[in-house]
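Below: one structure, written as structure tokens.
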Amino acid sequence: MNSVLLKKVDHIGIVVRDLDEAVAAYSKGLGIEVERSAEVPAIRLKIAILKVGELEIELLQYQDPDHPLVKSLNVQQPGLHHIGYAVEGFEGVLDALKANGCGVLEGFPRKGIFGKIAFLSPPHSSQERIEIIERAAGNP
């Protein structure tokens, strides 16, 4: 994969069973406070965003395991779920990744809470998840 396609690691997504419990563990155990929270009501997703340096950690609690988009993301088990990469020229990067053998997950690309997103699985692993994100103006 051409490294020029991916500008930087934007965030790490971690699936949790109980968002409040996870936030307390990160806060008390690691000294990392929540920078902001968000919800995606359409898929019953609660997100807490923590920041370590320039890197964001997204703690993700999916509350509807039967939603088709949630099933596509394969989030049944808590733990590291994906690495999100910042991109510029979203459609061109997406086309290049598909040409390089990455599969786009069902329900993507779509608008995320911070901009355009797509989840993909690389050709070497149908279980691994990569997210590309092109943040909308004003969404750091």
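We did not get these values from a lab; they are worked out from the coordinates using the rules stated. Keep in mind it's a predicted model, so treat the numbers as computed, not measured. Cβ coordinates were reconstructed from backbone atoms using ideal geometry, including for glycine residues, and neighbour counts include every protein chain displayed.
Ordered by the number of other Cβ atoms lying within 10 Å of each residue's own Cβ, fewest first, Phe119, Phe90 fall into the sequence Phe90, Phe119. A simple count of charges around Leu55, restricted to other residues whose Cβ falls under 11 Å of its Cβ and scoring Lys, Arg +1 and Asp, Glu -1, yields -2.
What is the gain in length, in nm to one decimal, between Ser37 and Asn100 on full extension, counting 0.36 nm per residue of separation less the C-alpha to C-alpha distance? Numbers along the way, then the final one.
Details: separation 63, 0.36 × 63 = 22.68 nm, distance 3.43 nm.
So the extension gain works out to 19.3 nm.
Other residues lying with their Cβ under 9 Å from the Cβ of Ala136 contribute a combined charge of +2, Lys and Arg counting +1, Asp and Glu -1.
On the basis of the beta-carbon distance and an R0 of 22 Å, Glu21 and Ile113 show a calculated FRET efficiency of 0.50.
Straight-line cross-link partners of Lys46 among the aspartates and glutamates, defined as a Cα under 12 Å from its Cα and at least 8 positions apart when in the same chain: Asp18, Asp20, Glu58, Asp64.
Can you tell me, using C-alpha contacts under 8 Å and at least 6 residues apart, the relative contact order of the stretch 89-140 as a whole percent?
Details: 70 pairs, mean separation 16.2, N = 52.
Averaging sequence separation for qualifying contacts and normalising by length gives 31 percent for the stretch 89-140.
Taking other residues whose beta carbon is less than 11 angstrom from the beta carbon of His82, and scoring Lys, Arg as +1 and Asp, Glu as -1, yields -3.
Please give the calculated 222 nm ellipticity per residue for the chain, where each DSSP H segment of at least 4 residues contributes -39500 (n - 2.57) and the sum is spread over every residue; nearest 500 deg cm²/dmol? Present the calculation step by step, with values, prior to reporting the outcome.
On the way: 3 runs with 28 residues, N = 140.
Value at 222 nm, helices only, nearest 500: -5500 deg cm²/dmol.
Considering only alpha-carbon pairs that sit under 8 angstrom and 6 or more positions apart, the relative contact order computed for the chain is 24 percent. Legend: residue pairs Lys7/Lys71; Lys7/Lys98; Lys7/Lys116; Lys7/Lys51, Cα-Cα distance threshold 25 Å; pairs beyond threshold, Lys7/Lys71. Relative to the longest principal axis of the Cα atoms of the chain, helix 19-30 runs at roughly 80 degrees. Only one item in (i) 18.2; (ii) 8.3; (iii) 6.8 matches mean projected area of the Cα convex hull in nm² derived from the coordinates shown, and that item is (ii).
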